[in-house]
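One structure is given below, encoded as structure tokens.
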Amino acid sequence: MVKSRKPCPLLSPRVAAVSFGLLAALAIGQAAFAQSASMPAPAAPAALDRVKILAAPNVFGDFSTYRVRSDLYRLPTAERKGMSAEVMAVVDRHKDKVIVDLYLARGLSSKDDFFMRVHGTDLAAVQKFMIDFRATRFGVFCEATENLVGVTKALNYITPDKSKDLNAGLSSASYTGDAPRYAIVVPIKKSADWWNLSAEQRLKEIETHTHPTLQYLVNVKRKLYHSTGLADTDFITYFETNDLGAFNNLMISLASVPENKYHTRWGAPTLLGTIQTVDSVVNALTTTN
Amino acid sequence: MVKSRKPCPLLSPRVAAVSFGLLAALAIGQAAFAQSASMPAPAAPAALDRVKILAAPNVFGDFSTYRVRSDLYRLPTAERKGMSAEVMAVVDRHKDKVIVDLYLARGLSSKDDFFMRVHGTDLAAVQKFMIDFRATRFGVFCEATENLVGVTKALNYITPDKSKDLNAGLSSASYTGDAPRYAIVVPIKKSADWWNLSAEQRLKEIETHTHPTLQYLVNVKRKLYHSTGLADTDFITYFETNDLGAFNNLMISLASVPENKYHTRWGAPTLLGTIQTVDSVVNALTTTN
Amino acid sequence: MVKSRKPCPLLSPRVAAVSFGLLAALAIGQAAFAQSASMPAPAAPAALDRVKILAAPNVFGDFSTYRVRSDLYRLPTAERKGMSAEVMAVVDRHKDKVIVDLYLARGLSSKDDFFMRVHGTDLAAVQKFMIDFRATRFGVFCEATENLVGVTKALNYITPDKSKDLNAGLSSASYTGDAPRYAIVVPIKKSADWWNLSAEQRLKEIETHTHPTLQYLVNVKRKLYHSTGLADTDFITYFETNDLGAFNNLMISLASVPENKYHTRWGAPTLLGTIQTVDSVVNALTTTN
Amino acid sequence: MVKSRKPCPLLSPRVAAVSFGLLAALAIGQAAFAQSASMPAPAAPAALDRVKILAAPNVFGDFSTYRVRSDLYRLPTAERKGMSAEVMAVVDRHKDKVIVDLYLARGLSSKDDFFMRVHGTDLAAVQKFMIDFRATRFGVFCEATENLVGVTKALNYITPDKSKDLNAGLSSASYTGDAPRYAIVVPIKKSADWWNLSAEQRLKEIETHTHPTLQYLVNVKRKLYHSTGLADTDFITYFETNDLGAFNNLMISLASVPENKYHTRWGAPTLLGTIQTVDSVVNALTTTN
Amino acid sequence: MVKSRKPCPLLSPRVAAVSFGLLAALAIGQAAFAQSASMPAPAAPAALDRVKILAAPNVFGDFSTYRVRSDLYRLPTAERKGMSAEVMAVVDRHKDKVIVDLYLARGLSSKDDFFMRVHGTDLAAVQKFMIDFRATRFGVFCEATENLVGVTKALNYITPDKSKDLNAGLSSASYTGDAPRYAIVVPIKKSADWWNLSAEQRLKEIETHTHPTLQYLVNVKRKLYHSTGLADTDFITYFETNDLGAFNNLMISLASVPENKYHTRWGAPTLLGTIQTVDSVVNALTTTN
């Protein structure tokens, strides 16, 4: 069993390396995103380039939520101590294939203790990491409660061609808030009526949806994954922010446009967690008083 | 492990320190609330000011429900004895960041044994408390069954500007009943049709909703949290009363106005519990015959 | 631990002491009910008056359902033997505050093994009993699966004033069947459209609902509890009968009137159990071959 | 503990003793059914007459589904060996009151391992059997996952009076296939709109429903139970067949008539199992490699 | 207990032996499928002919999903080592009656760890395999979470007779991608409105549904099972692909036609797994760090 305890270099500057992205069909040019990322690619030679992966299309995003089984807490403290290092070693071993983000949800979000986002261009390689994670001493106590796979794509609607002014509006502002401490994941499914609209009608709805969100570009980051057929949802929307009040207002804006009438799933679950290193998430969930 | 057994000064006068608040979009001026609170701020120097926190906007309210795992009861009695003191010590340790209320739900409410409301201006600090609570000897036996986060805001609809007479009506009466022994929590989610109404239409609906509730200001206290995007609900409505018959009538009044046609979630779960000290809740759930 | 094994005097003549009541908004004068009760008040000096409590308004009815954890059956037989006596002692200890009815559901009703109805005028006292019940050696093996609180009220619709003839019809017949062996509990929730009808429209619907039910007064007893805001239901309807075929026909009659179009919950769960003493319910669930 | 291992004479010729019945409101004269039963009444003097019970009205049918707890498989093989004999002894002990059918569902149907159908004219006696079954060494490892009670009735719609030709059509054919190896149970619930149709309208719908089903009389047996108010369903439809393709076509026919628009529950769960003796079901679920 | 560890010859060339099939009512002539299969029938004399079975009508497809109980991981490593060989031996023992495919879902799909597809012409024989599988040392730790049975049929709609051009379109292209690594299973249920359309109307809808899918014949394989009455779904649609992006686009196409308005179930669950040998699935789930 791997027990390396040295901090994983990929993960320590994690808070700064937050992803940039697009709200469902509300998107900013990807080059702009990559430029605004303040963190250089990690030094480890074989590791994936985080900035690139987070801005590229055709990347899988695998979101999973977990509950820690309570019998974990019957283990002696000493046995639980090394668990986070073991998980970090697994993350490190797969760093040439996947980028792993953990979020602490306990006390904030429904019934789950933490959730995970794993990016990779080969979904089978993502699964290999997931299998190895679940085979750790911590992983065997983790009960999966939800698992949604999505894939990134190039822009659909608010492109320079189709919607010039809005596209410019999206590009004219970028996140200027403090490093986000919170991530929110909201799965979205749309009705058959939505999918049966013409492309023009859907563009019009998305434009109406985009307008009120421009003002939140400065304090909420967004990223969009497409999931139709890959999970029981059409989209996975991912947000990072340090201003949950602004985020709440953004979501009310998105609820207040006609597009919302086409949603058959919005959340269920809504995941709310704090952005933390793998180390701190596992420690928070394996330490007792 | 902290085992201090001395009563937590913040908590003992709890029954008197009930919160004041607003029903979803049915609100009274906050100054009035603060004035009517009969309890002075607790003596402990670093503790949050309960009266202030309960009246302020931009405060997070974190509601969570728990079921006690039955294997707790296989522990020897002696081992269960100190559990409430340990929880109280954790509450005390975080008193500069969060205010913690516990409610005993066993035998009253769905499948849960107790629920918790935690207030704080920094949600990450609220989570830190939650992590520490779950790490207590009692906490590791608590299975989270629901967790909803909301945030307080200034008034939306029934303001002096927008709805002068109703605002005056709300301010003209205040709770005069006995100290409430019961708390009820009702999550509310509204349809896309609601959110797509104009602000004027929503104001009109809320006015119709407010009228029949004026008479219950004297026997039901109310507080409102906004949750869109933070949880799978739009509002968390919180009530305290000593007169459950009056509360039942208030809820029938709220069911009997057109606004109710826009609800897609009302309860599910409805939480009903008795307002008790941390001490008494933990003792009630850890003591056997 | 209390281990008194003497039969609880309150409970032994239970079958005769069945409650009388009203179907949701289908009500008979309460005096008539009280008169038709064949059992005198129990001799124990401090005990609540069962006949009075079952006929009075403003009484809480607390319905809870339980599943027995299977690890109970790994206990040695001897240890399980005294369990019913312990429960009976707890019931006896609270008899001045609550009236407790148990029903054996195993093999008849959904996934639950038994359900309980507790009446009391002070809900906090009802909870105290529930806490003590769950603290018994049997109680710690009981997993709560549902818990609904309601309150009795004076008649709403079919009063002598509002609906003279139907009210007379309701009073002209009373239960003449054999002592009921079965109880059925059906939670009912009504839509926003129902609650937005005028009082006159609702009266008309309830009259249409009442007509076909008159013929079942002789073989089905009924009692109604109001739950709006106290649980995720508007009403708890409770029935006792010895003729399940007649009951099935009554329920088809109630399904066949327009009022049924306003129901958003009817059952879910429908609870069906046999009326038994506390003793026999606990014994049936703690004895193995 | 009863440990008789001799085969229960009631059960061994079970496959031939399949029930005859009626599809919801699609019924054949009961005499015809009784005649076509190829098995004589069992020899045991006190046992219920299977043929009679399966053709009579006012008989309760109690359907329950179970999942075997996995800790059963940690018991030593020797301890699991006698389990089926013990269950058979319990069935035998109650044979004067109930008729018990078991079906093996593992690997075929949702999450359940087996289901059970118990007939009796006194539901309390049915429950007594259920209690005794659950008290066996096998029964304590059985987790009930669903339990639906229904009652048989005389024909409602397709009677010689109301629908002469269809009634004749129903009587003109009977099951001629191989002994059925499969049973399917489908709970059906109808909307308030259905129940508010006039009797004439419902008759018309049932006639339309009956026509396309006539051709399946030869290869699918059917039996109907009424459940309104006794469970969260209106009907329990029970089928036996050896030709699942024909059964699938019958069900498509039933989906393709307007009556289907009135269904609010169809299945959920649909139970599919093989018809087996008590012995073989219990053995299949208690034997390991 | 069988402990043969030699690889099962049926399974090793599995990836090449992927099934060909039809999307719900979107079908290609079966002869063409059989021809395009690149794998010869396995050498083992008694084994079913995989190519034939996968192309034939009247074959049962039994889909089941499983979660591995976490107490498996408390077993000593040595004890878990032989588990995959034991499962393979069971598969081998039944190879004259069933064809077994396993898929690794952990980390990709909802809450399940793996799923299974079993084909056979006799469903009782399929169940016998399922019983034996669950009786293995691995099987007793597998908790069934879903189980759906369907049956293959000859073409319904896009036949040479009814829809000549589309039928030709379907036949003109076949899968040319890399060996599929992913399988997706999507249960589909249609509304009463769908089933009440005339055959002509349904044909028209299916034609509209078929058009946009032609382009995906080259990179997504499809197979259709009919389930009405056999499970709580009407169809089980099964896909294999190595190009999940193309698959996502295919599913969006299928969402964007009017037929989609008739769906009451689409997924729930959507199963996504990697196609693997029995050996590798069981090893992945029984090995720890």
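Quick notes on this one:
- Checked against (1) of a type in the set (Lys, Arg); (2) part of a helix (DSSP H, G or I); (3) in contact with a Lys or Arg (Cβ under 8 Å, 6 or more places away or on another chain), C:Arg202 passes all but condition (3).
- Residues satisfying the criterion are absent from the range B:193-203 (criterion: in contact with a strand residue (DSSP E or B) (Cβ under 7 Å, 6 or more places away or on another chain) and of a type in the set (A, V, I, L, M)).
- Number of positions in the range E:118-141 that are in contact (Cβ under 8 Å) with a residue 60 or more places away in the chain and basic (Lys, Arg): 1
- Checked against (1) in contact with a Leu (Cβ under 6 Å, 6 or more places away or on another chain); (2) under 15 Å from E:His211 (Cβ atoms), E:Ile184 passes all but condition (2).
- Of all residues in the range E:54-88, those satisfying the criterion of being at the interface with another protein chain (Cβ under 8 Å from one of its Cβ atoms), touching a residue at least 24 places away in the same chain (Cβ under 8 Å) and not charged (D, E, K, R) are E:Asn58, E:Phe60, E:Ser64, E:Tyr73.
- For the range D:229-286, the set of residues classified as closer than 26 Å to D:Cys142 by Cα and facing chain E (nearest Cβ under 7 Å) consists of D:Gly267, D:Ala268, D:Pro269, D:Thr270, D:Leu272, D:Thr274, D:Ala284, listed by residue number.
- Some residue of the range E:144-163 being among the small types (Gly, Ala, Ser), more than 25 Å from D:Pro180 (Cα to Cα), in contact (Cβ under 8 Å) with a residue 24 or more places away in the chain and buried (at least 20 other Cβ atoms within 10 Å of the Cβ): yes
- Residue selected from the range B:252-264 under the condition touching a Ser or Thr at 6+ places or on another chain (Cβ under 6 Å) and in contact (Cβ under 8 Å) with a residue 60 or more places away in the chain, by the criterion surrounded by the fewest Cβ atoms within 10 Å (Cβ to Cβ): B:Thr264
- Top-ranked residue in the range A:236-267 [being assigned to a loop (DSSP other than H, G, I, E, B) and within 22 Å of A:Ile206 (Cβ to Cβ); ranked as nearest to the chain's Cα centre (by Cα)]: A:Gly267
- Checking A:Lys97 against (1) among the charged types (D, E, K, R); (2) out of contact with any helix residue (DSSP H, G or I) (no Cβ under 6 Å at 6 or more places or on another chain); (3) over 30 Å from B:Val126 (Cβ atoms), the condition it does not meet: (2)
- The residue that is nearest to B:Ile275 (Cα to Cα), among those in the range C:100-158 that are outside any strand (DSSP E or B) and under 14 Å from the mean Cα position of the chain (by Cα), is C:Thr152.
- Checked against the criteria, A:Thr233 counts as part of a loop (DSSP other than H, G, I, E, B), within 19 Å of the chain's Cα centre (by Cα) and buried (at least 18 other Cβ atoms within 10 Å of the Cβ).
- Residue that is modelled with the lowest pLDDT, among those in the range B:160-174 that are within 23 Å of the chain's Cα centre (by Cα) and in a loop (DSSP other than H, G, I, E, B): B:Ala173
- Filter result for B:Ala124 (touching a Phe, Trp or Tyr at 6+ places or on another chain (Cβ under 9 Å), more than 14 Å from chain C (Cβ to nearest Cβ), buried (at least 21 other Cβ atoms within 10 Å of the Cβ) and within 30 Å of A:Tyr182 (Cα to Cα)): no
For (1) out of contact with any Phe, Trp or Tyr (no Cβ under 8 Å at 6 or more places or on another chain); (2) small (Gly, Ala, Ser); (3) closer than 17 Å to D:Tyr238 by Cα, each residue gets a yes or a no:
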position	(1), (2), (3)
D:Ile53	yes, no, yes
D:Asp62	yes, no, yes
D:Ala85	yes, yes, no
D:Ile99	yes, no, yes
D:Leu104	no, no, yes
D:Gly107	no, yes, no
D:Val118	no, no, yes
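- Top-ranked residue in the range E:164-200 [being in contact with a helix residue (DSSP H, G or I) (Cβ under 6 Å, 6 or more places away or on another chain) and of a type in the set (Gly, Ala, Ser); ranked as nearest to the other protein chains (Cβ to nearest Cβ)]: E:Ala192
The values are calculated or read from the model by the stated rules, or taken from the named source; none is laboratory data. Note that the structure is predicted; figures quoted are calculated from it, not measured. We place every Cβ from the backbone using ideal geometry, glycine too, and count neighbours over all the protein chains shown.
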